[in-house]
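The values are calculated or read from the model by the stated rules, or taken from the named source; none is laboratory data. As the structure is a prediction and not an experimental result, all values here were calculated from the model. Don't worry about glycine lacking a Cβ; one is built from the backbone with ideal geometry, like all the others, and counts go over all protein chains shown.
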Ligand SMILES: Cc1cc2nc3c(=O)[nH]c(=O)nc-3n(C[C@H](O)[C@H](O)[C@H](O)COP(=O)(O)OP(=O)(O)OC[C@H]3O[C@@H](n4cnc5c(N)ncnc54)[C@H](O)[C@@H]3O)c2cc1C
């Protein structure tokens with residue numbers, strides 16, 4: 001017989017197969033020898049009190065059933081080499097999942113990516129960490145897998161938009177991710193595992209007759225009768241019929257190219273701030289109420305507060321992670337965070353950002369719909385000017401930042417290029433700095449020690465979301481005027497994070513098939 005069971009156990013029991021089986025046998029009033037197989041279908045931690053529990057749901061095979069039924073992940077690999085072509089600009093999560101979906105729908109994806117494949121890309125990332133400058137086409141944001149490749153790979157999403165989140169996780173598993181991401185409430189892959197998974201996705205696309213072209217930057221568009229007829233790349237011009245534009249929110253030259261070509265864009269609300277970093281031991285101690293056990297993972301947190309009518313919130317928290325230089329050009333300083341699959345660095349970091357409205361970009365009004373982009377550029381330039389040379393980032397102890405004091409010394413950090421003390425309360429725009437100060441004071445009351453001198457802020461976290469939207473029709477998902485342009489993913493302003501960008505990619509593929517079906 002196959003049983004389903006949901007219950008709470010201690011972290012020690014959850015981490016030990018024998019103890020867990022014993023517990024299951026007790027719950028089912030069966031001898032242990034009768035239990036043939038157990039499979040966890042859901043797992044989460046309840047750390048609201050000192051008595052920390054693990055919530056588990058399981059399928060259990062006993063008696064005449066030797067095993068739990070196995071649900072095979074299905075992906076039909078078809079030969080699409082001679083099928084109608086769809087050009088996808090950008091090989092991030094949105095672009096890659098759009099390509100995988102197009103193949104299932106019997107269309108041929110041709111992916112154009114300005115950056116390099118993952119293994120070549122690693123060399124440019126190493127240079128960034130060695131403080132040797134930024135390749136504007138190959139960095140933490142650009143190249144095969146997009147910003148999703150060296151991205152930590154947290155796969156939970158707050159997005160409630162229509163889409164198949166589960167399918168995204170399944171396709172990750174099919175390409176090499178651990179099946180546990182299908183059951184964990186906070187699934188995570190890790191930056192050490194993602195590159196191989198991404199190159200496996202490339203292999204699937206190529207095996208099925210799709211194409212992927214690296215070092216292929218789209219710089220302009222030829223538009224006739226509200227249709228893109230040609231994609232102009234730096235080295236050739238490509239005729240096209242359908243375009244999925246999945247270029248991510250760091251593709252500034254592309255926003256300018258669209259703007260210059262008269263393609264309608266919109267300014268949108270976004271969020272900017274800093275990255276906070278603490279010793280992981282401190283975060284474990286706070287979150288596990290002093291009851292830290294080796295069976296528990298590095299603790300995370302999620303914080304939110306309203307200051308002067310705007311949200312101040314933690315974002316992309318990386319337990320046991322490192323802060324990384326995620327600028328896309330020289331003379332800008334931008335940071336983000338990632339962690340390896342084991343989450344075993346001694347540091348915990350998180351974005352700590354303030355919600356910004358279009359009204360905050362008043363000084364840049366003359367740039368119209370690109371005002372937020374100009375604000376973002378200036379914020380990153382300020383961080384560069386107030387940091388050290390090249391990728392060295394400005395930093396301040398949190399206790400000093402909230403009191404408006406310069407830090408005489410800084411604690412150690414995971415940020416490899418290095419940090420330099422800077423009065424960030426002074427030079428960051430007030431709409432960000434003042435709210436961050438209030439937010440951090442509030443969070444210190446929720447998590448005692450959060451705003452202590454053990455924590456630092458590192459600047460700046462400016463790319464948590466796009467300040468520009470490429471508006472599209474909500475039904476057809478095509479641009480509001482250019483009928484064969486499908487703005488997709490984070491750069492189009494319709495997603496935030498790996499899963500929602502991937503879902504948006506699949507939705508755009510579905511929308512193209514629907515369009516072609518209606519036309520025929
Ligand atoms: C360090 C870091 C850590 C992150 N951690 C997480 C996390 O743990 N979980 C999470 O959900 N999200 C995380 N994110 C965010 C996540 O990576 C993005 O939300 C996601 O990658 C967006 O997907 P996308 O496909 O829309 O765009 P992108 O991933 O930005 O991909 C766009 C691609 O388009 C290419 N491109 C741009 N312009 C052109 C052009 N003109 N011609 C050709 N190609 C072009 C770029 O080179 C890039 O490869 C992280 C981001 C970073 C930088």
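Looking at segment 351-370, is at least one residue within 30 Å of residue 46 (Cβ to Cβ), over 23 Å from the mean Cα position of the chain (by Cα) and either free of Cβ contacts under 8 Å to residues at least 12 places away in the same chain or more than 16 Å from the ligand (Cβ to nearest atom) (or both)? No. Quick one: in segment 233-254, of everything that is within 10 Å of the ligand (Cβ to nearest atom) and surrounded by fewer than 22 Cβ atoms within 10 Å (Cβ to Cβ), which residue is nearest to residue 371 (Cα to Cα)? Of everything passing the filter in segment 233-254, 252 is nearest to residue 371 (Cα to Cα).
Search segment 303-332 for residues being within 16 Å of the ligand (Cβ to nearest atom) and under 20 Å from residue 269 (Cβ atoms), and hand back the single one that is farthest from the chain's Cα centre (by Cα). Selected residue: 313.
Given the condition in contact (Cβ under 8 Å) with a residue 40 or more places away in the chain, surrounded by fewer than 24 Cβ atoms within 10 Å (Cβ to Cβ), in a helix (DSSP H, G or I) and in contact with a strand residue (DSSP E or B) (Cβ under 6 Å, 6 or more places away or on another chain), answer yes or no: does some residue in segment 128-141 qualify? The answer is yes; a qualifying residue exists. Taking the criterion of being part of a loop (DSSP other than H, G, I, E, B) and crowded, with 24+ Cβ neighbours inside 10 Å, the residues of segment 333-350 that qualify are 333, 334, 339. Looking across segment 471-496, the residues that are on the phi > 0 side of the Ramachandran plot and surrounded by fewer than 24 Cβ atoms within 10 Å (Cβ to Cβ) come down to 477, 493.
Restricting segment 303-330 to residues that are part of a loop (DSSP other than H, G, I, E, B) and touching a strand residue (DSSP E or B) at 6+ places or on another chain (Cβ under 6 Å), the residue that is surrounded by the fewest Cβ atoms within 10 Å (Cβ to Cβ) is 303. Of everything in segment 394-414 that's touching a helix residue (DSSP H, G or I) at 6+ places or on another chain (Cβ under 7 Å) and outside any helix (DSSP H, G or I), which residue is nearest to residue 313 (Cα to Cα)? Going through the qualifying residues, I end up with 396. With respect to residue 291, determine if the residue is away from the ligand (no atom under 13 Å from the Cβ) and either at pLDDT below 95 or crowded, with 20+ Cβ neighbours inside 10 Å (or both). So residue 291 fits the description; yes.
Can you pull out every residue in segment 445-467 that is within 18 Å of the chain's Cα centre (by Cα) and either farther than 29 Å from residue 391 by Cα or crowded, with 23+ Cβ neighbours inside 10 Å (or both)? Once the filter is applied, which keeps residues that are within 18 Å of the chain's Cα centre (by Cα) and either farther than 29 Å from residue 391 by Cα or crowded, with 23+ Cβ neighbours inside 10 Å (or both), segment 445-467 yields 460, 461, 462, 463, 466, 467. Looking only at segment 415-430, decide whether some residue is touching a residue at least 60 places away in the same chain (Cβ under 8 Å) and in a helix (DSSP H, G or I). Looking through segment 415-430, at least one residue is touching a residue at least 60 places away in the same chain (Cβ under 8 Å) and in a helix (DSSP H, G or I). Only residues that are closer than 23 Å to residue 150 by Cβ and more than 12 Å from the ligand (Cβ to nearest atom) were counted across segment 480-505, and they come to 0. Here the condition is being in contact (Cβ under 8 Å) with a residue 12 or more places away in the chain and part of a strand (DSSP E or B); of 450, 486, 442, it holds for 486 alone. I'd like to know if segment 191-210 contains one or more residues that are farther than 23 Å from residue 497 by Cα and in a strand (DSSP E or B). Within segment 191-210, not a single residue is farther than 23 Å from residue 497 by Cα and in a strand (DSSP E or B).
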